[in-house]
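Report on the structure given below.
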Amino acid sequence: MRKSEGMLVKEAEVTNKAFSRVTVIIVTHNRPECLERCLQQLEKVKYRDYITVVADSSPSTPAAELLAAKYGAEYRSTPVKGVSRARNLGAHNARSEILAYLDDDMVPHPNWLGALAESFSDISVMAVSGPVLSLALFGSGEPELQNSLNSTPWGPRSFSIEETNPQWFERANFGGIGDGNFALRRSAFLQIRGFDERIGRGSAINTSEEHYAYYRVIDLGGKVTYLPQAIVFHQDSPICKELAQKNIRESAAYAVFLMHHHPFKTLRVLKFCAEGFFWKRRWWRTDTETQNSLSKWEILLCGWKGFCDFLRSVAKIS
């Protein structure tokens, strides 16, 4: 057991007696209709031992604060836009060991929170992710949900990723664990010093904030688990050429970010990007078919734009 791994597990042993209490952190930004729908459905989850914190990112109206009061949630706001900053704000105001995150346009399944909380009874688990299904399936029965899970990139069976797993680095950083629906131990959150505010929606590098957190947790010797029962619903994004270009641009910006801040991983990142350029299929990604419609020049142009996004993020910080 590495020293860092021992620190994470030792902290979990101390706090795990109170693992049942969860703080649900809902990150919002000027979408009161979505936020109210999320809060309404959160009241219907079957797990009751939780408190809710609404983390408002750069609000322009008091709507989110009023909704938080209406549904008995705590309210915190930050004047600086960015999902990573809002997630950190919510975590620093939490009073529980387990932090569960929702975006305001997500709708949790009634079993969502209970499934997440139960997973943390294993002290080696530092983070848990769940599937994000189409909002059109909200209210569907188990057969329909199971059919949808069968076609998702992460599948209908639970699994865990740690440093001993093949391609753990690639899966943690590039969408091989989950996307947007997750929970994290507060002790692990503190160990990795929260979400990196240089990346994530609302910043110049508009992606991968939770993936980078997974990477740092696993790099410290922790385990991240995917749990298919922890379902949330979200509006589908239209599958189109523009979306594929956006995904490549954002992935390129994040890849440069990784190489810049973790140069010892450069070869691994370059290998992953080169394989993607030649359309190597990743079982955990669903956008390959759309990306195949792009020419090599279009992919290179998107990669160049992503590199420029990284440079802008550096200039903004300095």
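The values are calculated or read from the model by the stated rules, or taken from the named source; none is laboratory data. The model shown is predicted, which means the values in this text are computed figures rather than measured ones. Positions of Cβ are backbone-derived with ideal geometry, glycine not excepted, and every protein chain shown enters the neighbour counts. Side chains are part of the model used for accessible areas, which takes the heavy atoms of the whole protein and leaves out ligands, DNA and RNA. Shrake-Rupley method; radii C 1.70, N 1.55, O 1.52, S 1.80 Å.
Averaging over all projection directions, the Cα-based convex hull of segment 198-280 occupies 7.3 nm² in the image plane.
Taking 0.36 nm per intervening residue step and subtracting the Cα-Cα distance, what contour gain separates L301 from S140 on full extension? Don't skip to the end; give the middle numbers.
Working: separation 161, 0.36 × 161 = 57.96 nm, distance 4.13 nm.
Roughly 53.8 nm would be gained on extension.
Restricting to the chain, compute how many DSSP beta bridges are antiparallel as a %, nearest 5.
Details: 12 of 38 bridges.
Approximately 30 percent, going by the DSSP bridge assignments.
Karplus-derived 3J(HN,Hα) values for segment 68-83, using 6.51 cos²θ - 1.76 cosθ + 1.60 with θ = phi - 60°, are 4, 5, 4, 9, x, 9, 6, 10, 9, 9, 10, x, 9, 6, x, 5 Hz; glycine and proline are entered as x.
Once the piece of chain linking C308 and N30 is laid out straight, how much longer is it, given 0.36 nm per residue of separation minus the C-alpha distance between them? The partial results should precede the final answer.
Details: separation 278, 0.36 × 278 = 100.08 nm, distance 2.80 nm.
Roughly 97.3 nm would be gained on extension.
Close amide H partners of K223, meaning residues 5 or more places away or on another chain with modelled amide H under 5 Å apart, are M126, A127.
Computed over the chain, the per-residue total of -39500 (n - 2.57) for DSSP H runs of n ≥ 4 gives a 222 nm mean residue ellipticity of -13500 deg cm²/dmol, rounded to 500. When its C-alpha radius of gyration is set against 2.2 N^0.38 Å (N residues), segment 74-227 gives a value of 1.02.
Using the Cβ of T61 as centre and a radius below 15 Å, the other residues enclosed give a net charge of -2, where K and R count +1 and D and E count -1. Residues within the reach of a label modelled at Q40 (point 7 angstrom out along Cα to beta-carbon, backbone nitrogen below 20 Å), restricted to segment 85-122, are 102-113. Distant-in-sequence amide contacts of Y50, defined by a placed amide H-H separation under 5 Å and a gap of 5 or more residues or a different chain, comprise V22. Using the Karplus relation 6.51 cos²θ - 1.76 cosθ + 1.60 with θ = phi - 60°, the per-residue 3J(HN,Hα) values for segment 120-130 come to 7, 5, 7, 5, 7, 7, 9, 8, 9, 10, x Hz, with x marking Gly and Pro. For the chain, the fraction of 1.4 Å probe accessible surface lying on carbon and sulfur atoms is 55 percent. Karplus-derived 3J(HN,Hα) values for segment 193-208, using 6.51 cos²θ - 1.76 cosθ + 1.60 with θ = phi - 60°, are 6, x, 7, 6, 7, 7, 10, x, 4, x, 10, 5, 9, 8, 6, 6 Hz; glycine and proline are entered as x.
Rg over Rh of the chain, using C-alpha atoms and the Kirkwood radius, what does it come to?
Radius of gyration relative to Kirkwood radius: 0.95.
A quarter of the convex hull surface defined by the alpha-carbon atoms of segment 179-318 gives 9.5 nm² as the mean projection.
Do you know the relative contact order of the chain, to the nearest whole percent, from alpha carbon pairs under 8 angstrom that are 6+ apart? Before the final figure, lay out the partial values.
Numbers: 582 pairs, mean separation 64.0, N = 318.
Averaging sequence separation for qualifying contacts and normalising by length gives 20 percent for the chain.
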